[in-house]
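Written out below as structure tokens is the structure these notes cover.
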Amino acid sequence: KEHDIMDPHLPLVLIDLARTKDRLGEYSESMNFFEEALGLYEHSLERDDDRIASLQYEMGVLAFQMGERDRGEECFLHFIRIRKAKGSVLDEGVANALFVLGSLHWATKKRDLAQDCWHEALEIFKGLGRSDDDPYVKSLKEKIHRAQRRPITRIFRGS
């Protein structure tokens, strides 16, 4: 359907449609609406606008739901880049994205990248005043500890 791309409300309508499709489990259609809204934002907003960052985060979450790990990672990295460029040093959204990316890197056997993400997320959460018994802080500390342990090698003897 053809839209008036100059209508400032159009991206918001498309994002609402994307969220509705997501709730209905229609993930591909949801992503299509998100992509259309992103295209309009990229055409009309500054490159580092917070609305683009927020949309990248939502698209990343959806991509992970759809099993598209590379795309999810790319969206999260765009989100993090924008937020950091805006001077968001202690940003809970960035910490959450880093938490997820660390888990993705761990699952894909990229131990060093996982640890880097988790350490940065932990620094942010602690900087935001989260205590040691906060669930995110506890989980990150456990993940970092597990990643730092050397893998146990076993020798299996053949018969």
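The values are calculated or read from the model by the stated rules, or taken from the named source; none is laboratory data. Small disclaimer: the values here were computed from a predicted structure and weren't measured. Please note: Cβ atoms are built from the backbone with ideal geometry, for glycine as well, and neighbour counts cover all protein chains shown. To get the accessible areas, we keep the full protein, side chains included, count just its heavy atoms, and leave off ligands, DNA and RNA. Shrake-Rupley method; radii C 1.70, N 1.55, O 1.52, S 1.80 Å.
Worth a mention:
- Checking (1) 1.09; (2) 0.96; (3) 1.27 against Rg/Rh (Cα atoms, Kirkwood Rh) calculated from these atoms, the matching label is (1).
- In a simple Cβ point-charge model (Lys, Arg +1; Asp, Glu -1; nothing else charged), the chain has a dipole of about 1480 debye relative to its Cα centre.
- Considering only alpha-carbon pairs that sit under 8 angstrom and 6 or more positions apart, the relative contact order computed for the chain is 13 percent.
- Full-stretch length increase - Glu142, Thr20 - with 0.36 nm per residue and alpha-carbon distance subtracted: 40.3 nm
- Residue-by-residue Karplus 3J(HN,Hα) for segment 70-76, coefficients 6.51, -1.76, 1.60, Hz, glycine and proline x: 4, 5, x, 4, 4, 5, 5
- Percent accessible area from carbon and sulfur atoms, segment 1-90, protein chains only, probe 1.4 Å: 50
- Cut-off of 10 Å, at most 15 other beta carbons, DSSP loop: longest stretch of the chain lacking such trypsin sites (Lys or Arg not before Pro): 2-46
- Segment 40-52 - phi-based ³J(HN,Hα) in whole Hz, Karplus 6.51/-1.76/1.60, Gly and Pro as x: 5, 4, 5, 7, 10, 10, 5, 4, 9, 6, 4, 5, 5
- Order of exposure, largest accessible area first, which applies to Ser30, Ser131, Ser44, Ser88 with probe 1.4 Å: Ser44, Ser131, Ser88, Ser30
- Within the chain, helix-based [θ] at 222 nm, where runs of 4 or more DSSP H residues each add -39,500 (n - 2.57), nearest 500: -23500 deg cm²/dmol
- Of the GluC sites (Glu not before Pro) found in segment 34-64, those in coil by DSSP whose Cβ has at most 13 other Cβ atoms within 10 Å are Glu46.
- For segment 44-98, the solvent-accessible area works out to 51 Å² per residue, with a probe of 1.4 Å and every protein chain left in place.
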